[in-house]
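Everything below concerns the one structure shown next.
The values are calculated or read from the model by the stated rules, or taken from the named source; none is laboratory data. This one's a predicted model, so the numbers in the text were calculated from it and none came from an experiment. A quick note on method: Cβ atoms are made from the backbone with ideal geometry, for glycine too, and the neighbour counts reach across all protein chains shown. SASA here: full protein model, heavy atoms, side chains in, ligands and nucleic acids out. Shrake-Rupley method; radii C 1.70, N 1.55, O 1.52, S 1.80 Å.
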Amino acid sequence: MQSLQQLIDFDRLHVWHPYAAMPNLQPVFPVASAQGVYIQLMDGRTLIDGISSWWTCIHGYNHPRLNQAAHAQIDRMSHIMFGGLTHQPAVDLTRKLIEITPAALQQVFFCDSGSVAVEVAMKMAVQYWYNRCLPQKQGFLTMRNGYHGDTFAAMSVCDPVNGMHHLFRNLVTQQYFADAPQITFEDDWQERDIESFAVLLAAHHDRIAAAIFEPVVQNAGGMRFYHPEYVRQAKALCEQYDVLLILDEIATGFGRTGKMFACEHAGICPDILCVGKALSGGFISLAATLTTREISASFAVGEAGVFMHGPTFMANPLACAVAVENLALLESYDWQSTIRSIESQLKAELEPCRSLAAVKDVRVLGAIGVVELHDPVDMQTIQPCFVEEGIWLRPFGRLIYTMPPYIIQPAELTAITKAIYKIVAQITTNSEPQK
Ligand SMILES: *Cc1c(COP(=O)(O)O)cnc(C)c1O
């Protein structure tokens, strides 16, 4: 049997990690197993997962009900093609998604990942206008600081600066970028916040198929919370100018912000909605794009007659069965009050960070807690520091944040916020002599 060090060495040289160099220069920690909010490392250490495996495992790891749903489905079939065939898990999950999303969303397209759900949404919007004999409407309006995935169409609507577009300049479609919203979730709304969005829409609507953005929380593009009135007005402007609205709730969906979907803060329904990440409770990759009858009906009369997309592993039964159970689980307890408790604990326990010299801002919304620093963190040193404290977080840029599983206990959450305070305080001390 190979030693732990041999495993790490082989991994470093041959296994490509997310946003990593090859050979990998960043530390990686081999995992043996995971249970509840705990990650068991192969070296014997145990970590509390403060970011739910990239915001997915809202009910923790190895949940008996999700495992049971998976086992039951494996014994029937783990996969079957979706062209010309259908199955109970896909129908059940579709019914559930229609039930919990805003009423007008009635049609569900399944795929394997968030990025593809965004690609599907964008293709849907373009083909919709094509069906309506307006083929020049192919552009997209979005806002700066967004993140929608790593595939080409998704990349084209990510923040042009931190999305590193210049690398793929000739391949990525140029889209319309409004200024990022500045009015925070709690501040008083001011009309000027939507001005740039409105101006672009007025000027270019005849070339724009849809506006696309993350409602209320911009996630990987900066962990920014903004005013729901922005979303409400954007929706009204889209209607006024005959442009569709795509909301990307891949990060915010399924309760994370305190509402089942973040668009509920604004009381609006998009024309197209993308969900993913927490859909299967972090069990297995699954995403979906939902739309209205009006949009889907246009395809029947269009030239193609059908929507031109169909992934091989579309509506994978195993993923659908687990997602059905995950959503049943979510409805089986008072998750709203769970999120409220996490929110108030995060607010109370992260607030002291504000007085630290390295800290620019502290903000909390739902089960999302963010400590923004003045300077970027050094991943190579900060991640091992958190591991030393028994905490798994994945800071990026100037952001240290937590998005814990909903099942986290108060003492476990305190361990996370204490570690954040301690390490950010060390950053303060360490950087002082150098400046
Ligand atoms: C993570 C994320 C995506 C991309 O999802 P993948 O499953 O990584 O492809 C898209 N949009 C938002 C808002 C996300 O947070």
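Here the Karplus relation 6.51 cos²θ - 1.76 cosθ + 1.60, evaluated at θ = phi - 60°, turns the backbone of region 272-283 into coupling constants of 9, 10, 9, 10, x, 5, 6, 3, 9, x, x, 7 Hz, with x for every Gly and Pro.
A 1.4 Å probe run over region 65-331, with the rest of the protein chains in place, finds 40 Å² accessible per residue.
Stretched out straight at 0.36 nm per residue, the stretch from Thr381 to Glu303 would grow longer than its current Cα-Cα span by 22.5 nm. Considering only alpha-carbon pairs that sit under 8 angstrom and 6 or more positions apart, the relative contact order computed for region 22-168 is 11 percent.
Treating r as the C-beta distance of Ala411 and Met77 and R0 as 41 Å, the FRET efficiency rounds to 0.45.
For region 65-331, what does the alpha-carbon gyration tensor say about shape, rounded, prolate or oblate, given a ≥ b ≥ c as the root eigenvalues, a/c under 1.5 as rounded, and a/b over b/c as prolate?
Prolate, since a/c reaches 1.5 and a/b exceeds b/c.
Summing +1 for each Lys or Arg and -1 for each Asp or Glu, what net charge is found among the other residues whose Cβ lies under 13 Å from the Cβ of Ile246? Net of charged neighbours comes to -3.
Computed from the Cβ-Cβ distance with R0 of 45 Å, the FRET efficiency linking Glu191 to Gln2 stands at 0.10. Averaged over residues, the count of other Cβ atoms within 10 Å places the peptides 322-332, 39-49, 234-244, 397-407 in the sequence 397-407, 322-332, 234-244, 39-49, highest first. Taking the Cα centre of region 65-331 as reference, the dipole from Cβ charges on Lys and Arg (+1) and Asp and Glu (-1) amounts to some 560 debye.
Starting from the Cα gyration tensor of region 197-319, take the square roots of the eigenvalues, sort them a ≥ b ≥ c, and report rounded, prolate or oblate (rounded when a/c is under 1.5, otherwise prolate if a/b is larger than b/c, else oblate). Each step should come with its number before you reach the end.
On the way: a/c = 2.14, a/b = 1.06, b/c = 2.01.
Since a/c reaches 1.5 but b/c is at least a/b, the shape of region 197-319 is classed as oblate.
Couplings 3J(HN,Hα) of region 287-301, computed from phi: 8, 8, 10, 10, 8, 9, 4, 4, 6, 5, 5, 5, 5, 5, 9 Hz, in residue order, whole Hz [Karplus 6.51 cos²θ - 1.76 cosθ + 1.60, θ = phi - 60°; x for Gly and Pro]. Looking at the chain alone, DSSP beta bridges between its own residues are antiparallel in about 65 percent of cases.
A simple count of charges around Gln35, restricted to other residues whose Cβ falls under 13 Å of its Cβ and scoring Lys, Arg +1 and Asp, Glu -1, yields -2. Cα gyration tensor of region 153-234, axes a ≥ b ≥ c as square roots of the eigenvalues: rounded (a/c below 1.5), prolate (a/b > b/c) or oblate? Because a/c hits 1.5 or more and a/b fails to exceed b/c, region 153-234 counts as oblate. Our coupling estimate for region 372-385, obtained by passing each phi through the Karplus curve with A = 6.51, B = -1.76, C = 1.60 and θ = phi - 60°, is 9, 9, 6, 10, x, 7, 9, 4, 4, 9, 6, 4, x, 4 Hz, Gly and Pro reported as x. Each of Gly281, Phe313, Ala236 was placed along the dipole of region 65-331 (beta-carbon charges, centred on the mean Cα), and the one lying farthest toward the positive end is Phe313.
Remind me, relative contact order of the chain in percent, using alpha carbon pairs under 8 angstrom and six or more residues apart? Relative CO of the chain lands at 21 percent.
Near the amide H of Ile391, within less than 5 Å, lie the amide hydrogens of Ile48, all on another chain or at least 5 residues away, with H placed in the peptide plane.
Would you mind counting up the charge near Gln233? Only other residues with Cβ under 13 Å from its Cβ, with Lys and Arg at +1 and Asp and Glu at -1. The partial results should precede the final answer.
On the way: positive: Arg192, Arg232, Lys235; negative: Glu191, Asp193, Glu195, Glu229, Glu239.
With Lys, Arg at +1 and Asp, Glu at -1, the net is -2.
The accessible surface of the chain, taken with every protein chain in place and a 1.4 Å probe, is 56 percent carbon and sulfur.
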